[in-house]
Amino acid sequence: MDVPFFDLGAVNARYADELKAAAARVIDSGWYILGEELAAFEREFAAYCGAAHAVGVGNGMDALTLILRAYRSLGALAEGDEVIVPGNTFIASLLAVSESGLVPVPVEPDPATFNIDPVRVEEAIGPRTRAIMAVHLYGQLADMPALAAIARQHGLLLIEDAAQAHGAAWDGRKAGSLGDAAGFSFFPAKNLGALGDGGAVVTGDAALAERVAALRNYGSRVKYEHPLCGVNSRLDEMQAAMLRVKLRHLDEEIARRREVARRYRQGIDHARIALPGVADEDRHAWHLFVVRCPQRDALQRHLRAHGIHSQVHYPVPPHRQPAYAGLKHGPLPLTERLHGDVLSLPMGPALSDEAVARVIVACQSFGAAP
Ligand SMILES: *Cc1c(COP(=O)(O)O)cnc(C)c1O
């Protein structure tokens with residue numbers, strides 16, 4: 001039997017009874033948008049993150065976009081302001097910036113952790129820079145204390161793209177509580193996944209939370225009163241109910257991901273396969289286990305021949321996409337090299353010890369005579 005890259009069906013099957021009971025509760029309630037399930041999930045997720053406020057929205061990209069729009073609406077950002085972003089990230093991080101009338105400025109990562117390099121951030125600060133968007137890539141927290149010090153010194157907003165990092169913690173403080181505001185995604189395959197699209201803005205800033213809550217609902221606080229030009233981007237009652245079930249199991253799932261990562265890091269010892277750097281166990285929620293290999297495509301084919309499915313996150317960096325043909329940026333050689341040599345091994349809470357062992361054996365035999 002093949003080792004799948006990520007078996008979402010197996011993950012959710014473990015909670016099928018709880019999910020079905022929650023779905024039945026929502027169906028029977030007769031209330032499907034902006035109701036008690038959402039209010040309860042927002043309280044529970046804010047508490048989980050150790051932040052004062054969570055506001056459910058339609059998806060992760062909207063969470064980031066609504067943070068930036070809310071800051072614009074509050075006067076903290078203006079059209080054409082620059083937001084420093086990592087060069088190596090999923091394109092949604094940059095799209096949220098562009099979508100908000102702001103300019104993304106991609107900078108290079110620290111190749112050991114794949115996360116934005118604070119030294120490069122400081123170099124990229126110019127007269128129009130107003131914010132830093134840190135992405136906790138693959139589930140590992142960016143160096144938030146260093147970024148917060150830079151943000152404070154230069155009067156910049158610090159925003160977390162926490163779409164991959166639910167539950168990762170820095171000295172006990174979780175993703176979502178480490179900057180001015182954080183955007184989370186509950187896309188089904190994320191560490192905390194709904195059974196459809198979903199997202200949340202998490203923040204300690206009451207004014208920002210209130211503004212996002214209005215903007216997600218046509219810019220309205222009171223029905224048919226519209227002081228703001230908003231959008232329709234809400235987390236519905238059904239997804240909120242599913243997420244309340246999944247949130248109760250998140251910590252045990254992260255514990256299993258950490259155990260899988262520990263086994264990979266102990267078992268894979270190969271001259272041409274570089275393991276991911278981990279500064280501290282708690283800081284990594286292991287959304288993805290990403291190795292680097294100069295013969296990446298050959299490694300992927302080798303694993304596939306052994307029945308093991310892997311993926312590339314991501315094959316083309318945002319600044320090389322046609323969508324960003326007009327983007328101004330400095331040289332990004334590290335970012336480009338990473339996109340050519342990264343490979344994500346199977347990872348997930350439902351991965352068995354036996355499957356992990358097979359992945360390790362297959363990696364170890366890479367390049368050996370058949
Ligand atoms: C998934 C993801 C997003 C977007 O979330 P959606 O819910 O799919 O819109 C943004 N940033 C990162 C880093 C992501 O992984």
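The values are calculated or read from the model by the stated rules, or taken from the named source; none is laboratory data. These figures come from a predicted structure and were not determined experimentally. Quick reminder, even Gly has a Cβ in these numbers, built from the backbone with ideal geometry, and neighbours come from all protein chains shown. Remember, those area values only see protein heavy atoms, side chains included, never the ligands or the DNA or RNA. Shrake-Rupley method; radii C 1.70, N 1.55, O 1.52, S 1.80 Å.
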*Which residue fluctuates the most in the chain, going by a Gaussian network model with Cα springs under 10 Å, if the choices are A255, A285, A271?*
A271
*Over the chain, what lengths in whole Å, largest first, do the semi-axes of the equivalent ellipsoid take, defined as the square roots of 5 times the eigenvalues of the alpha-carbon gyration tensor?*
33, 27, 16
*Only bridges with both residues in the stretch 123-201 count here: give the DSSP antiparallel percent, nearest 5.*
40 percent
*State the antiparallel share, in %, of DSSP beta bridges confined to the chain, rounding to the nearest 5.*
55 percent
*Would you mind putting 227-240, 192-205 in packing order, based on average other-beta-carbon counts within 10 Å, highest first?*
192-205, 227-240
*asked:* I'd like the projected area of the stretch 161-263, averaged over all directions, using the convex hull of its alpha carbons. Report it in nm² with one decimal.
replied: 7.6 nm²
*Stretch L275-R221 to full length: gain in nm at 0.36 nm per residue minus the Cα-Cα span?*
14.5 nm
*Run the numbers on the stretch 164-208 and let me know its relative contact order in percent, using alpha-carbon pairs under 8 Å that are six or more apart.*
33 percent
_Computed [θ] at 222 nm, helices only, for the chain once each DSSP H run of length n ≥ 4 contributes -39500 (n - 2.57)_ = -12000 deg cm²/dmol
*Calculate what fraction, in whole %, of the accessible area of the chain sits on carbon and sulfur atoms when a 1.4 Å probe is rolled over the protein chains.*
54 percent
*Between V316 and A76, what is the spin-label point distance in nm, taking each point 7 Å from the Cα along the Cα→C-beta axis?*
3.4 nm
*asked:* Connecting C-alpha atoms closer than 10 Å in a GNM of the chain, tell me which of G326, G267, G277 has the biggest fluctuation.
replied: G326
_Spherically averaged projected area of the stretch 211-322 from its Cα convex hull (nm²)_ = 12.3 nm²
*Treat every Asp and Glu Cβ in the stretch 1-62 as -1 and every Lys and Arg Cβ as +1, leave all other atoms uncharged, and give the resulting dipole magnitude about the Cα centre to the nearest 20 debye.*
80 debye
*Counting only Cα, what are the radius of gyration and maximum Cα-Cα distance Dmax of the stretch 318-370, in Å?*
17.8, 48
*Identify which of D171, D62, D117 has the largest mean-square fluctuation in a Gaussian network model of the chain, with springs joining Cα atoms closer than 10 Å.*
D171
_Give me the Å³ per residue figure for the convex hull around the C-alpha atoms of the stretch 94-190._
101 Å³
*Within-12-Å neighbourhood charge of D197 [Cβ basis; K, R +1; D, E -1]*: 0
*Mind jotting down a quarter of the surface of the convex hull over the alpha carbons of the stretch 1-121, in square nanometres, one decimal?*
11.8 nm²
*Descending Cα extents along the principal axes, the stretch 218-277, whole Å*: 63, 27, 13
*For the chain, compute the number of Lys pairs whose alpha carbons are separated by less than 27 Å, excluding pairs fewer than 8 positions apart on the same chain.*
5
*Fully extended, how many nm does the chain gain between E123 and C229 (0.36 nm per residue separation, minus their Cα-Cα distance)?*
34.6 nm
_Defining a contact as two alpha carbons under 8 Å apart and six or more residues distant in sequence, what relative contact order in percent does the stretch 91-152 show?_
28 percent
*Once amide H atoms are placed 1.01 Å from N in the peptide plane, what residues at a sequence separation of 5 or more from V3, or on another chain, have their amide H within under 5 Å of its amide H?*
I308, H309
*asked:* Rolling a 1.4 Å sphere over the protein heavy atoms, what is the accessible area per residue of the chain, to the nearest Å²?
replied: 41 Å²
_Cα→Cβ-extended label distance, 7 Å offset, between A21 and E99, nm_ = 3.6 nm
_Contact order normalised by residue count of the stretch 306-370, Cα under 8 Å, 6+ apart, percent_ = 42 percent
*By its C-alpha gyration tensor, with a ≥ b ≥ c as the square roots of the eigenvalues, how is the stretch 245-305 shaped: rounded for a/c under 1.5, else prolate for a/b larger than b/c, else oblate?*
prolate
*Residues with amide H under 5 Å of V107's amide H, sequence separation 5 or more or different chain, H placed in the peptide plane at 1.01 Å from N; which?*
V85, G87
_Label-to-label distance, nm, for residues given as A323 and E36 (7 Å Cα→Cβ offset)_ = 3.9 nm
_Stokes-Einstein D (µm²/s) once Rh is taken as the Kirkwood radius of the stretch 266-364 over alpha-carbon pairs, at 37 °C in 0.692 mPa s_ = 218 µm²/s
*Order of 346-356, 82-92 by packing, highest average Cβ count within 10 Å first?*
82-92, 346-356
